[in-house]
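Some notes on the structure that comes next.
The values are calculated or read from the model by the stated rules, or taken from the named source; none is laboratory data. Keep in mind it's a predicted model, so treat the numbers as computed, not measured. Cβ atoms come from the backbone with ideal geometry, glycine included; neighbour counts cover every protein chain shown. Each accessible area value is taken on the protein alone, full model and side chains, heavy atoms only, with ligands, DNA and RNA left out. Shrake-Rupley method; radii C 1.70, N 1.55, O 1.52, S 1.80 Å.
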Amino acid sequence: MATLCSRFSIISRRISTSRIFATNMADPLEHATGLEKRELLARVAGNDNPFDFRVLKRGPGTRDCPNQVPSSFDSRLVGCICEEEASSIQWMWLHQGCPRRCACGHWFQLVYKAPV
Ligand SMILES: [Zn+2]
């Protein structure tokens, strides 16, 4: 038994680590082009939600005062959480100039927003 233990020895591995310095990394704003650059410029200007992806709070949502949904396109897919405890979302397409009523009774209207 003693010879068996002496035959196997514990092998230790050494790990080499080094720090990575990010001093040579360029500013992403200098390398970005196109839509990404416009998004970064909007964020620099203080607009942290340039594409309006955040959840909007519903207003009264009546036919005369519909919920305003911004869009730079002719149509936009909108999801309505009809009740606070709802486990599903009512999806519908909104088109410019055609206010639409959700199944829960709230009205939605697409409003034009200048593109980023
Ligand atoms: Zn709804």
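Some points to look at:
- Unmet criterion (only one of (1) away from the ligand (no atom under 12 Å from the Cβ); (2) open to solvent by 40 Å² or more (accessible area, probe 1.4 Å); (3) of a type outside the set (Phe, Trp, Tyr); (4) over 26 Å from LYS37 (Cβ atoms)) for GLU84: (1)
- Single match in ARG76, ARG58 (criterion: surrounded by 14 or more Cβ atoms within 10 Å (Cβ to Cβ), assigned to a strand (DSSP E or B) and within 16 Å of the ligand (Cβ to nearest atom)): ARG76
- All conditions but one from (1) touching a His at 6+ places or on another chain (Cβ under 7 Å); (2) at positive phi apply to GLY97; the one that does not is (1).
- Failed condition for ASN24, given (1) away from the ligand (no atom under 16 Å from the Cβ); (2) open to solvent by less than 100 Å² (accessible area, probe 1.4 Å); (3) of a type in the set (S, T, N, Q): (2)
- Pick from the range 90-116, criterion in a loop (DSSP other than H, G, I, E, B) and open to solvent by 80 Å² or more (accessible area, probe 1.4 Å), ranking: modelled with the highest pLDDT: ALA103
- Residues in the range 95-109 that are more than 10 Å from the ligand (Cβ to nearest atom) and closer than 17 Å to ARG54 by Cβ: none.
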